[in-house]
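So the structure is just underneath, and the comments pick up after that.
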Amino acid sequence: MKRRDLLAAALCAAAVRPARGAAPSLRGLLAGYDTSAMLVLKGGEPVFSYGDLTRISYIASARKSLVSMLYGPAVAKGTIRLDTTLAGMDFDDMGRLLPIERTATIRDLLMARSGIYHKAANEGDASALAPKRGSVKPGSYFLYNNWDFNALGAIYQRLTERDFYKAFEEDIVRPAGLQDWNLKVHQTQAIRNDTHLSDYPARHFVLSTRDMARLGQVMLQKGRWREQQVIPAEWSARTTALSTPASEVARTSPFIDGLGYGWLWWIFDPAAKWPAPLKGGYTASGAFGQFITVAPALDMVVAHKVVAPSKLNVPADAYFGKILPAALALA
């Protein structure tokens, strides 16, 4: 049986399993892994918690979905225009980008379709599978590529004339009521350029599990928190819609079978064998076991954390194949 079928079978079982006894079962499951903390919300209310929900730590590539959230208000205001090309803003990198690469738009980068395969800061992408530089027209080819994600942070700062993390605090943290945000930690410890082969560092996030869940709840509520529209509803819908089907992701940037891609969010592709509870669902995903999963069909959010970097690790297969199904059984 293929991995996709195994995951689907597990999730289908969760979809029909009654909630009685689900919490003890989930707690026992987490104890067998390296999970540091987990919070499950149903209808905006906690139905399960595990570990220290207040401890802040590195969330790895789950950061990318937060970049998508930050772009929403700036795009709505017209400060950032998605059709702007890199050439149009004179955006370059070490050793120069190729002319064809500079035709990429901000929209292309948000979709991981820039066609720019310049060396990037921060490992953990699919750049080893990249085509030859200059061989791909921007917009035509999906590659999970950290150059795109890192450049988006620099582009945001250039076009808005705002500090990236200060803007996130003002536009997202405060209106969404995040409880454990630390601006100083972000500005002094979260920026990483380990390769020194690009001008653009990775801008990481250091969050608590309960704040991860809060961001998922904002997305579930179409960008709203209480009476405030934190992110435009249109942006929330657009960025979590399927842009690259799972079949294409599997060819160019293999990850978990059945996951497609939106605008910096992983999408549960309806063409794959995901069960009904994940229809319309999407997730942020990061190395070591960092996840923010939104399941609109169940009105649920799942935030899962492993304090990292360390030897601790909850593989994506374990999360999607075992932990997430057990969490969905709480519905």
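The values are calculated or read from the model by the stated rules, or taken from the named source; none is laboratory data. Since we're looking at a predicted model, the values are computed, not measured. We place every Cβ from the backbone using ideal geometry, glycine too, and count neighbours over all the protein chains shown.
Evaluated against (1) over 16 Å from residue 63 (Cβ atoms); (2) in contact with a Phe, Trp or Tyr (Cβ under 7 Å, 6 or more places away or on another chain); (3) not aliphatic (A, V, I, L, M), residue 222 falls short on exactly one condition, (2).
So which of 143, 129, 97 is out of contact with any strand residue (DSSP E or B) (no Cβ under 6 Å at 6 or more places or on another chain) and either modelled with pLDDT under 95 or of a type in the set (Phe, Trp, Tyr) (or both)?
Working: 143 fails: either modelled with pLDDT under 95 or of a type in the set (Phe, Trp, Tyr) (or both); 97 fails: either modelled with pLDDT under 95 or of a type in the set (Phe, Trp, Tyr) (or both).
Step by step, each of 143, 129, 97 is checked, and only 129 is out of contact with any strand residue (DSSP E or B) (no Cβ under 6 Å at 6 or more places or on another chain) and either modelled with pLDDT under 95 or of a type in the set (Phe, Trp, Tyr) (or both).
Applying a threshold of 9 Å to beta carbon distances and a minimum spacing of six or more residues, or different chains, the list of pairs starting in segment 42-55 at a residue that is hydroxyl-bearing (Ser, Thr, Tyr) and ending at one that is outside any loop (DSSP other than H, G, I, E, B) and surrounded by fewer than 14 Cβ atoms within 10 Å (Cβ to Cβ) reads 50/31. Looking across segment 267-282, the residues that are in contact (Cβ under 8 Å) with a residue 40 or more places away in the chain and buried (at least 24 other Cβ atoms within 10 Å of the Cβ) come down to 278, 282.
If the condition is being surrounded by fewer than 18 Cβ atoms within 10 Å (Cβ to Cβ) and part of a strand (DSSP E or B), then segment 43-64 contributes 45, 46, 47, 51. Please work out if residue 73 is over 14 Å from residue 151 (Cα atoms), outside any loop (DSSP other than H, G, I, E, B) and not hydrophobic (A, V, I, L, M, F, W, C). Yes, satisfied.
Give me the residue from segment 164-181 that is under 21 Å from residue 222 (Cβ atoms) and not in a helix (DSSP H, G or I) and, out of that set, farthest from the chain's Cα centre (by Cα). This residue is 177. Residue under question is residue 131, and the condition is that it be touching a Gly at 6+ places or on another chain (Cβ under 7 Å) and assigned to a loop (DSSP other than H, G, I, E, B); does it hold? Judged against the criteria, residue 131 is not a match.
Listed residues 121, 128, 74; which is over 18 Å from residue 243 (Cα atoms), under 21 Å from the mean Cα position of the chain (by Cα) and without any contact (Cβ under 8 Å) to a residue 60 or more places away in the chain? Selected residue: 128, the only one of 121, 128, 74 that is over 18 Å from residue 243 (Cα atoms), under 21 Å from the mean Cα position of the chain (by Cα) and without any contact (Cβ under 8 Å) to a residue 60 or more places away in the chain.
All but one of (1) under 22 Å from residue 190 (Cα atoms); (2) in contact (Cβ under 8 Å) with a residue 12 or more places away in the chain; (3) out of contact with any Ser or Thr (no Cβ under 7 Å at 6 or more places or on another chain); (4) not in a loop (DSSP other than H, G, I, E, B) hold for residue 107; state the number of the condition that does not hold. Of the numbered conditions (1) under 22 Å from residue 190 (Cα atoms); (2) in contact (Cβ under 8 Å) with a residue 12 or more places away in the chain; (3) out of contact with any Ser or Thr (no Cβ under 7 Å at 6 or more places or on another chain); (4) not in a loop (DSSP other than H, G, I, E, B), the odd one out for residue 107 is (1).
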